[in-house]
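The values are calculated or read from the model by the stated rules, or taken from the named source; none is laboratory data. Predicted model, so just to flag it, every value in this text is computed and none were measured. Ideal geometry is used to build each Cβ from the backbone, glycine not excepted, and the neighbour counts take in all protein chains shown. Protein only, heavy atoms only, side chains kept; ligands, DNA and RNA dropped before computing areas. Shrake-Rupley method; radii C 1.70, N 1.55, O 1.52, S 1.80 Å.
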Amino acid sequence: NLGTVAGTSCAPSLRQALDFLHHPAPEVPLATLEDHSHPAWQRLKFEELLAQQLSQLQSKALRAQHRAPPLRGAELAERLLTQLPFELTGAQRRVSEEIAQDLAHPQPMHRLLQGDVGSGKTVVAALAAAVCIASGWQCVLMAPTELLAEQHLRKLVGWLEPLGIQVAWITGSVKGKKREALLAAAASGAAQLVVGTHAVNEDQVQVANLGLPI
């Protein structure tokens, strides 16, 4: 009986929790069922969280079996740092160093960088791209909207083109001969960084030597 089990320090089994939530006892406070605070709900939450964590561990183990070229380009990243019109914050520098360490491994990097608007995610992406490009590979940066992609483009061009890095801009609105030229630059490897929207996922967009998608 889950009511008895829940009244003790013992957590209900999964079978008990499922049975109880389908057929709750009359004396159980309705509020504990509606706000999911009842021990039976807590057990289901635990099961879902455990399954998610195990799935993540399994995916991580599978990714560790894959191989990727180690990317090491600290010199170009340092050149980028010296010509930036601002100093990195401690958090930006720490995250950039962690990403550089990940890129140097012979396994694919799988990292989510989270931060508020204006927290410096674009400059961290630029430093990662510099590491990739200095290693002889191309980088693609994709943004969800054309407006955001264009904002990234303006910053990245200003930071990277002075270092001799060619940037290609590919979105659905770029048409005609200009689009053909940009596609050719990406396909030949002349464009070391490709910035765009989900248009970069189209079949006609070929990147000669992709090392890092952002």
If you check Ala61, Ala25, Ala68, which single one turns out to be on the phi < 0 side of the Ramachandran plot, part of a helix (DSSP H, G or I) and open to solvent by less than 70 Å² (accessible area, probe 1.4 Å)? Ala61
Identity of the residue in the stretch 1-28, in contact with an Asp or Glu (Cβ under 9 Å, 6 or more places away or on another chain) and modelled with pLDDT under 85, that ends up farthest from Leu44 (Cα to Cα): Gly3
Which residue out of Ala77, Ala61 is small (Gly, Ala, Ser), modelled with pLDDT of 85 or more and in contact with a Leu (Cβ under 6 Å, 6 or more places away or on another chain)? Ala77
Members of the stretch 110-127 found to be within 13 Å of the chain's Cα centre (by Cα), at pLDDT below 90 and open to solvent by 60 Å² or more (accessible area, probe 1.4 Å), listed by number: His110, Arg111
Quick one: how many residues across the stretch 128-141 are touching a helix residue (DSSP H, G or I) at 6+ places or on another chain (Cβ under 6 Å) and surrounded by fewer than 22 Cβ atoms within 10 Å (Cβ to Cβ)? 1
Condition first: outside any helix (DSSP H, G or I) and farther than 17 Å from Asp102 by Cα. Now tell me which residues in the stretch 71-92 satisfy that. Leu84, Pro85, Phe86, Glu87, Leu88, Thr89
With the checklist (1) in a helix (DSSP H, G or I); (2) farther than 27 Å from Thr82 by Cβ in hand, flag the one item Pro108 doesn't pass. (1)
Which residue is surrounded by the most Cβ atoms within 10 Å (Cβ to Cβ), if the candidates are limited to the stretch 164-187 and must be touching a helix residue (DSSP H, G or I) at 6+ places or on another chain (Cβ under 6 Å), not in a loop (DSSP other than H, G, I, E, B) and not small (Gly, Ala, Ser)? Ile170
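For the stretch 123-140, does any single residue satisfy the condition of being in contact with an Asp or Glu (Cβ under 7 Å, 6 or more places away or on another chain) and part of a helix (DSSP H, G or I)?
Scanning the stretch 123-140, I find at least one residue that is in contact with an Asp or Glu (Cβ under 7 Å, 6 or more places away or on another chain) and part of a helix (DSSP H, G or I), so the answer is yes.
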Of the listed residues (Leu30, Leu49), the one being of a type in the set (A, V, I, L, M, F, W, C), open to solvent by 80 Å² or more (accessible area, probe 1.4 Å), more than 30 Å from His110 (Cα to Cα) and without any contact (Cβ under 8 Å) to a residue 40 or more places away in the chain is Leu30
Restricting the stretch 71-109 to residues that are among the polar types (S, T, N, Q) and loosely packed, with under 13 Cβ neighbours inside 10 Å, which is nearest to Gly164 (Cα to Cα)? Gln83
Kindly establish whether Ser173 is among the small types (Gly, Ala, Ser) and without any contact (Cβ under 8 Å) to a residue 40 or more places away in the chain. yes
Tell me yes or no: at least one residue of the stretch 144-157 is acidic (Asp, Glu), under 22 Å from the mean Cα position of the chain (by Cα) and open to solvent by 20 Å² or more (accessible area, probe 1.4 Å). yes
